[in-house]
1. First select every other residue whose beta carbon is under 14 angstrom from the beta carbon of Ala23; then total the charges, Lys and Arg +1, Asp and Glu -1.
2. Using a Gaussian network model of the chain whose springs link C-alpha atoms within less than 10 Å, name the residue from Ala70, Ala91, Ala28 with the highest mean-square fluctuation.
3. List, in order, the whole-Hz ³J(HN,Hα) value for each residue of the stretch 24-37 obtained from phi through the Karplus relation with A = 6.51, B = -1.76, C = 1.60 and θ = phi - 60°; use x for Gly and Pro.
4. So which residue, out of Asp42, Asp51, Asp84, gets the largest mean-square fluctuation from a GNM of the chain using Cα contacts under 10 Å as springs?
5. Which of (1) 1.10; (2) 1.44; (3) 0.98 is the computed Cα Rg over 2.2 N^0.38 Å for the structure on display?
6. Roughly how big is the chain's charge dipole about its Cα centre, with Cβ charges of +1 (Lys, Arg) and -1 (Asp, Glu), in debye to the nearest 20?
7. Can you give me the distance in nm between label points at Val74 and Val36, each placed 7 Å from the Cα along the Cα-to-Cβ direction?
8. Pick out, from Leu17, Val7, Leu34, the residue whose Cα sits farthest towards the positive end of the charge dipole of the stretch 1-64, with +1 on the Cβ of Lys and Arg and -1 on the Cβ of Asp and Glu.
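Since every read-out is calculated from the coordinates, none of them should be taken as a lab result. This one's a predicted model, so the numbers in the text were calculated from it and none came from an experiment. Cβ: placed from backbone, ideal geometry, glycine included. Neighbour counts: every protein chain shown.
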Amino acid sequence: QEQRQQVAKHRLDFKTLALPNKARIKQARIELALLVTADKPDQSAIDNKVDEILKLKGENMRARARLGIAIRKVLTEEQRVQFDLYVLKKASHGKKRHHHKGRD
């Protein structure tokens, strides 16, 4: 029970950072699309927007890594083996992209 509470707290801490960043990334992607589709695209502004998106994504990746470390610390030896297998499997598969009919 205590272990579950600790994991839940770590996840909440992660989401407190990650969710606002996710919203900022979405907004920045929209802004990037507007910059790219402008009649006279400003390459410098586009580069700055890309840098902003990459910075936010980097913050989320660092936070996710910290979450994994924090969760792993509260696990038993047996649980760590399962957790490690899950993390390694997830890392080797990457994100799955869903393709929709009629879209390329």
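1. +3
2. Maximum among the listed residues: Ala91.
3. 5, 4, 4, 5, 5, 5, 5, 4, 4, 4, 5, 5, 5, 8
4. Asp42
5. Comparing each candidate, only (2) matches the computed number.
6. It comes to approximately 420 debye.
7. Result for the modelled spin labels: 4.0 nm.
8. Most positive-ward Cα: Val7.
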